[in-house]
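Structure first, then comments.
What follows is calculated from the coordinates using simple rules that are stated; it is not laboratory data. What you see is a predicted model; the values in this text were computed from it and never measured. A quick note on method: Cβ atoms are made from the backbone with ideal geometry, for glycine too, and the neighbour counts reach across all protein chains shown.
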Amino acid sequence: MSNNVMVTGAGKAVGLGFNLVLRYLEAGDTVVATVRKPCAELDELNQKYEDKLIILTMDVGSTESVNKAAEELSKVLDHLDILINNAVSVSPDCDKGFFEADLDYIARTVDITAVGALRVIKAFYPLLKKSEDVGLIMNISSEAGSISKCFRTNMIDYGMAKAALNMGTMNLVNTFKDDKSINIFCVHPGWIRTDGREDNPAPLSSYEAAEILRELFEKKRHDFDGHRFITNYDEDYPF
Ligand SMILES: NC(=O)c1ccc[n+]([C@@H]2O[C@H](COP(=O)([O-])OP(=O)(O)OC[C@H]3O[C@@H](n4cnc5c(N)ncnc54)[C@H](OP(=O)(O)O)[C@@H]3O)[C@@H](O)[C@H]2O)c1
């Protein structure tokens, strides 16, 4: 059965979001790719997959923009089966330590990365509820969001944002606990060359990582009992 899938933050061709879009299209699904600005590579895909690809403009940092995008989508699509919150924001001081980093960047990173995902879930929930199967929400998190495994002294904004996303995920697990039509996880997607650079030591290209995740998401769709923070290889990861 083919699915209607939405991926946020899909407007960077070397990034994970774009490659998730590509993998789902190749698998025969209908895909909603959300972007902040036009993306030439997505426009190219649109020529090949015309009726299967919907490009939606959405800034996850703006409730107004997210609600408007949901309203627009509901005019052309009657349901969503899988929602992948992939969009992320990282500040220019991400690599700096506590004493060097401008702490005022943190709120913005948390707002886009964690609150943004919740905004999207809230606005698109009515479409997910109309799935004939389980409506699946996959929040792309990171091992950097694990509080118990934290070892870094940099990436404060990013780590805090992903930890907040994990907390948001668990809150929604509780919210949906009696509703077996919606399932939700947060996922560390692996270490990926999302900058597209060949000298990046990460073992997975975005294209490779996307297929691992696509298969994982199908496997987890009806799993309501397992741990909620998992890796791309379906290992439980500590919060
Ligand atoms: N690379 C890794 O090894 C690794 C490891 C762990 C987790 N992850 C996670 O995997 C995901 C994908 O990583 P990536 O490097 O491919 O991400 P990315 O390219 O840095 O960001 C993904 C997209 O988020 C979009 N975005 C930023 N602010 C936004 C906003 N306000 N509204 C809507 N979209 C916004 C960007 O759009 P623009 O193109 O418009 O800027 C970008 O296309 C992220 O969630 C990341 O944290 C990656």
Amide H within-cut-off set for VAL31, under 5 Å, with H built and near neighbours excluded: VAL5, LEU53, ILE54
As straight-line cross-link partners of LYS129, the qualifying lysines (C-alpha separation under 22 Å, not fewer than 8 residues apart within one chain) are LYS52, LYS68, LYS75, LYS177, LYS180, LYS219, LYS220
Mind sorting SER148, SER206, SER74 by how few other Cβ atoms lie within 10 Å of their own Cβ, fewest first? SER148, SER74, SER206
Neighbour counts of other C-beta atoms within 10 Å: give me ILE55, ILE147 arranged from fewest to most. ILE147, ILE55
Send over the per residue convex hull volume for the range 60-122, Cα only, as a whole number of Å³. 85
Relative to the longest principal axis of the C-alpha atoms of the chain, give the angle of the C-alpha long axis of helix 156-175, reported between 0 and 90° and rounded to the nearest 10°. 50
What ranking do PHE217, PHE124, PHE151, PHE176 get, fewest neighbouring Cβ atoms within 10 angstrom at the top? PHE151, PHE176, PHE217, PHE124
Do you know the relative contact order of the range 4-231, to the nearest whole percent, from alpha carbon pairs under 8 angstrom that are 6+ apart? 20
Can you check how the C-alpha radius of gyration of the chain compares to 2.2 N^0.38 Å, as a plain ratio? 0.96
